[in-house]
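Input: a single structure, listed below in structure tokens.
The values are calculated or read from the model by the stated rules, or taken from the named source; none is laboratory data. Because the structure is predicted, anything quoted here is derived from the model rather than measured. Don't worry about glycine lacking a Cβ; one is built from the backbone with ideal geometry, like all the others, and counts go over all protein chains shown. The protein model used for the area step is the full one, side chains on, heavy atoms only, and it has no ligands, DNA or RNA in it. Shrake-Rupley method; radii C 1.70, N 1.55, O 1.52, S 1.80 Å.
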Amino acid sequence: IGVGLVGFGLFFLLFGILLYFDSVLLAFGNLLFLSGLVFIIGFRRTFTFFFQRPKLKGTSFFFGGLVVVLMRWPILGMLLEAYGFISLFK
């Protein structure tokens with residue numbers, strides 16, 4: 001279930017970007033991606049991963065970008081999310 005949710009999340013993110021940053025598809029893709037991550041590695045490990053002290057900056061940018069996408073500013077939100085994603089997984 002988790003791999004399917006992550007796959008659909010990435011599909012909706014890609015499709016939202018291809019349709020000139022459609023905010024509804026991007027928000028839906030983000031939510032599916034995060035819920036799939038929770039299903040794959042568990043809630044506690046997901047929470048621990050995102051809220052470690054050295055990764056707090058990346059987490060704040062990633063979730064801040066998610067909030068900005070939900071507020072219908074998709075280009076700025078995706079830029080913030082991309083920076084947070086790179087900062088989290090470097």
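Does Phe50 satisfy being in contact with a Leu (Cβ under 8 Å, 6 or more places away or on another chain) and modelled with pLDDT under 95? Yes, satisfied. Out of all the residues in the stretch 16-32, is one or more without any contact (Cβ under 8 Å) to a residue 40 or more places away in the chain and in contact with a Ser or Thr (Cβ under 9 Å, 6 or more places away or on another chain)? No: zero hits. Gly64 meets all of the listed conditions (1) open to solvent by less than 70 Å² (accessible area, probe 1.4 Å); (2) assigned by the TED database to the domain that holds Gly7; (3) at pLDDT 95 or above but one, namely (2). Residues that are modelled with pLDDT under 95, of a type in the set (Gly, Ala, Ser) and crowded, with 16+ Cβ neighbours inside 10 Å do not occur anywhere in the stretch 36-46. For Leu88, the requirement of being aliphatic (A, V, I, L, M), at pLDDT 95 or above and either within 25 Å of Ile1 (Cβ to Cβ) or surrounded by fewer than 16 Cβ atoms within 10 Å (Cβ to Cβ) (or both) is not met.
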